[in-house]
Amino acid sequence: MADSGSVREDSRIVIEDDWPGYSLDLFTYPEHYCGDIESVYIPHGIIMDRTERLARNIMDDLGDHDIVVLCVLKGGYKFCADLVEFIKGLSRNSSKSLLMRVDFIRLKSYLNDQSTEDLHILGGEDLSVLSGKAIVDTGKTMKALLEHVETFRPKMVKVAGLLVKRVPNGLGTPPDYVGFEIPNRFVVGYALDYNEYFRDLNHICVISEAAKIKYKV
Ligand code: HPA
Ligand code: MG
């Protein structure tokens with residue numbers, strides 16, 4: 001990966017192991033998930049504010065490069081869409097006009113709340129510069145994805161991840177842009193799913209044990 005020395009080690013919000021999340025009484029969420037979530041772990045507004053700042057960091061680092069954004073589906077679609085909107089907004093208000101293409105790649109490695117061995121990469125035939133992923137835990141998926149992207153010989157590759165999990169034996173290389181560092185627990189919402197449920201939840205939340213059983217496959 002180009003420029004790996006430029007990672008901003010201190011520029012992430014660190015959520016500590018003992019953070020219980022906010023009480024559900026403090027926010028709104030879809031009624032159909034009543035009983036399915038335990039707490040609001042990261043409210044939607046904070047996700048948006050943090051993403052706006054990541055967009056600014058990315059713009060500052062870009063120089064005059066045009067970019068191809070590679071959105072990692074499905075979990076990355078909200079983060080990627082919001083990040084692209086913020087980058088567009090900053091580009092409109094700056095002297096340099098940024099040409100941006102958006103491409104999509106689909107990855108799947110989770111069943112219930114467990115990582116599976118097999119990783120499927122579908123789509124994304126283009127060269128890529130910025131890859132937007134919602135969550136990085138073991139880093140296994142990211143490593144495989146980067147190897148795939150490198151085969152297209154891009155000039156530069158940068159990875160933006162909204163969440164990075166503190167997992168034992170995790171991450172060789174962290175993403176270049178990180179929104180939040182979180183404990184090793186399973187979270188849903190803001191496009192992150194549990195067996196395809198909860199993508200329609202705006203906040204990032206902790207799911208209840210009852211919901212893990214209710215939506216198990
Ligand atoms: N939630 C949803 N999907 C995931 C997670 C998570 O915590 N970790 C890896 N994929
Ligand atoms: Mg998933």
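The values are calculated or read from the model by the stated rules, or taken from the named source; none is laboratory data. Owing to the predicted nature of the structure, the values given are computational and were not obtained by experimental measurement. Cβ: placed from backbone, ideal geometry, glycine included. Neighbour counts: every protein chain shown.
What to note about this one:
- Hits in the range 178-196 - residues which are among the charged types (D, E, K, R) and either in a loop (DSSP other than H, G, I, E, B) or within 16 Å of ligand 2 (Cβ to nearest atom) (or both): 185, 193, 196
- When residues of the range 197-217 are limited to those that are among the hydrophobic types (A, V, I, L, M, F, W, C) and assigned to a strand (DSSP E or B), the one surrounded by the fewest Cβ atoms within 10 Å (Cβ to Cβ): 206
- Across the range 28-67, the number of residues qualifying as assigned to a helix (DSSP H, G or I) and small (Gly, Ala, Ser) comes to 2.
- Filter pass, residue 70 being surrounded by 14 or more Cβ atoms within 10 Å (Cβ to Cβ) and outside any helix (DSSP H, G or I): yes
- Which listed residue, of 79, 104, 86, is among the aromatic types (Phe, Trp, Tyr) and either touching a residue at least 60 places away in the same chain (Cβ under 8 Å) or part of a loop (DSSP other than H, G, I, E, B) (or both): 79
One line per residue, one yes/no per condition, for (1) within 20 Å of residue 181 (Cα to Cα); (2) surrounded by fewer than 21 Cβ atoms within 10 Å (Cβ to Cβ); (3) over 15 Å from the mean Cα position of the chain (by Cα); (4) modelled with pLDDT of 95 or more:
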{"site": "17", "(1), (2), (3), (4)": "yes, yes, yes, yes"}
{"site": "21", "(1), (2), (3), (4)": "yes, yes, yes, yes"}
{"site": "25", "(1), (2), (3), (4)": "no, yes, yes, yes"}
{"site": "30", "(1), (2), (3), (4)": "no, yes, yes, yes"}
{"site": "34", "(1), (2), (3), (4)": "no, yes, yes, yes"}
{"site": "45", "(1), (2), (3), (4)": "yes, yes, yes, yes"}
{"site": "49", "(1), (2), (3), (4)": "yes, yes, no, yes"}
{"site": "61", "(1), (2), (3), (4)": "no, yes, yes, no"}
{"site": "77", "(1), (2), (3), (4)": "yes, yes, no, no"}
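- Flag for residue 206 being modelled with pLDDT of 95 or more and touching a Ser or Thr at 6+ places or on another chain (Cβ under 6 Å): yes
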